[in-house]
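The structure under discussion appears below in the form of structure tokens.
The values are calculated or read from the model by the stated rules, or taken from the named source; none is laboratory data. Keep in mind it's a predicted model, so treat the numbers as computed, not measured. So basically every Cβ, Gly included, is an ideal-geometry build from the backbone, and we count neighbours across all protein chains shown.
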């Protein structure tokens, strides 16, 4: 590229910067405690989160288009994982292997989307569906963590049942667990008020470990943590493949909404282009890497991406730095053994509070009742189908499509009369499904004004017009002219001019 007499060569891949290294190390400090917490949310041993934090971050950095997107364990991906795997696994000792296989299948689905350049699937889920799903998922995540924060053993199956069982038995609560959970929440929530990138998760983990070692915490901890690098996880339950295919496709779509929103948001702020196809590919490769090394499905983290951006990252290599830092920590992972489960539960709970978004619902009520219905329906389905939460978002998507089709199948015609001229203004989408409806409405309105000898049809209220719709309009024009009525086509939108000219000739 030549600019002002100079030739500028854009380096690919981009060179790593000091800002990338600083951002990657900053992210790693937050990523370690978060990955432990999210692994337990997914129903897996805490140390598995370290594998899902290290290898996917490195793999994603090789293909990502966004310099800020940080890939690894997230609360949403963990909840989707536990829902699918817990419903599929029947054999003892197969849970972790099934989660790894699920990650590989999710990765393959996303890689295929990227290869076939179908990245626009990222826009398939509407904002209202995502709002309802996020709220329902956040409620389930919080409910699942309450027993650990209280140090109580739930005596009922299911997330909501477990919450009800421990909430009604305060005598079973462990005081130390409650105290540590409260202190963690203060560090996480209060720290954010001091500064948006306050390392609350890291400090909470240090506090928990220190409490266990100094005070002698007697509640549940994460226990022994394997050290060293994991081997390739190739001994997977391939017999469960048929049960995992459809859920994997659902997670591939639903779980990509988060990283897509992150990359798109920062691209808009910094006025740079992002490539959804490359992002699908990078997220797919990341999930395959996670599964091959014994991890579980991963996604993009809002909080860690924001931290990387604030810390000065300039290229996608900050994710690789974060992953390598986690790998370097693995030989010292035994230090995490005394970390109380209550601390991890509080980290998860406070991390998902932002997903609740209670203010979004009054806003939807004010702007669109149908969209509010979609959000509430999605949230209720997510809660009702727990732990298969992906069914909730698919149900919400189905309702959104149904409402869209219902609107597309309706066409209204406003009418008024001025000085013996009848004015008709169709409003909606004029296509083959609404063509007959338009013809019927126009003929009916014409019959209600038998004295009118001139009709003006205004087309500026139509959002889209196809050939079938225009042919229906042509039929009305011809029938009216045969009855001795002068018909004028007015206010033709620019995108419709050619079609009107081709079908109606000079009637406009």
In region 49-73, which residues are within 17 Å of the chain's Cα centre (by Cα) and either surrounded by fewer than 24 Cβ atoms within 10 Å (Cβ to Cβ) or within 20 Å of residue 149 (Cβ to Cβ) (or both)? 73
What are the residues in region 415-442 that are farther than 19 Å from residue 466 by Cβ and part of a loop (DSSP other than H, G, I, E, B), if any? 419, 420
Within the bounds of region 252-264, is there any residue that is modelled with pLDDT of 90 or more and either farther than 18 Å from residue 44 by Cβ or buried (at least 16 other Cβ atoms within 10 Å of the Cβ) (or both)? yes
For region 28-48, does any single residue satisfy the condition of being within 19 Å of the chain's Cα centre (by Cα), farther than 22 Å from residue 386 by Cα, in contact (Cβ under 8 Å) with a residue 24 or more places away in the chain and part of a helix (DSSP H, G or I)? yes
Starting from region 55-68, take each residue that is over 17 Å from residue 276 (Cα atoms) and list its partners that are in a loop (DSSP other than H, G, I, E, B) and modelled with pLDDT under 90, counting only C-beta distances under 7 angstrom and pairs at least six apart or across chains. none
Which residue out of 505, 484, 463 is out of contact with any strand residue (DSSP E or B) (no Cβ under 8 Å at 6 or more places or on another chain), touching a residue at least 12 places away in the same chain (Cβ under 8 Å) and surrounded by fewer than 16 Cβ atoms within 10 Å (Cβ to Cβ)? 484
If I go through region 487-500 residue by residue, how many of them are surrounded by 13 or more Cβ atoms within 10 Å (Cβ to Cβ), out of contact with any helix residue (DSSP H, G or I) (no Cβ under 9 Å at 6 or more places or on another chain) and assigned to a helix (DSSP H, G or I)? 0
Residue, surrounded by the fewest Cβ atoms within 10 Å (Cβ to Cβ), within region 187-205, restricted to residues that are without any contact (Cβ under 8 Å) to a residue 60 or more places away in the chain, part of a helix (DSSP H, G or I) and touching a helix residue (DSSP H, G or I) at 6+ places or on another chain (Cβ under 9 Å): 190
Kindly provide the set of residues from region 287-300 that are buried (at least 24 other Cβ atoms within 10 Å of the Cβ) and either modelled with pLDDT under 90 or assigned to a helix (DSSP H, G or I) (or both), ordered by number. 287, 289, 290, 291
Just checking, how many residues over region 85-127 are within 17 Å of the chain's Cα centre (by Cα), buried (at least 24 other Cβ atoms within 10 Å of the Cβ) and closer than 26 Å to residue 379 by Cβ? 2
Within region 414-436, how many residues are modelled with pLDDT under 85 and on the phi < 0 side of the Ramachandran plot? 8
Could you tell me which of the residues 309, 357 is outside any loop (DSSP other than H, G, I, E, B), within 26 Å of residue 130 (Cβ to Cβ), at pLDDT below 90 and in the same structural domain as residue 152 (by TED's automatic domain parsing)? 309
Just give me the residues in region 336-354 being surrounded by fewer than 20 Cβ atoms within 10 Å (Cβ to Cβ) and either modelled with pLDDT under 90 or not assigned by TED's automatic domain parsing to the domain that holds residue 326 (or both), in sequence order. 353, 354
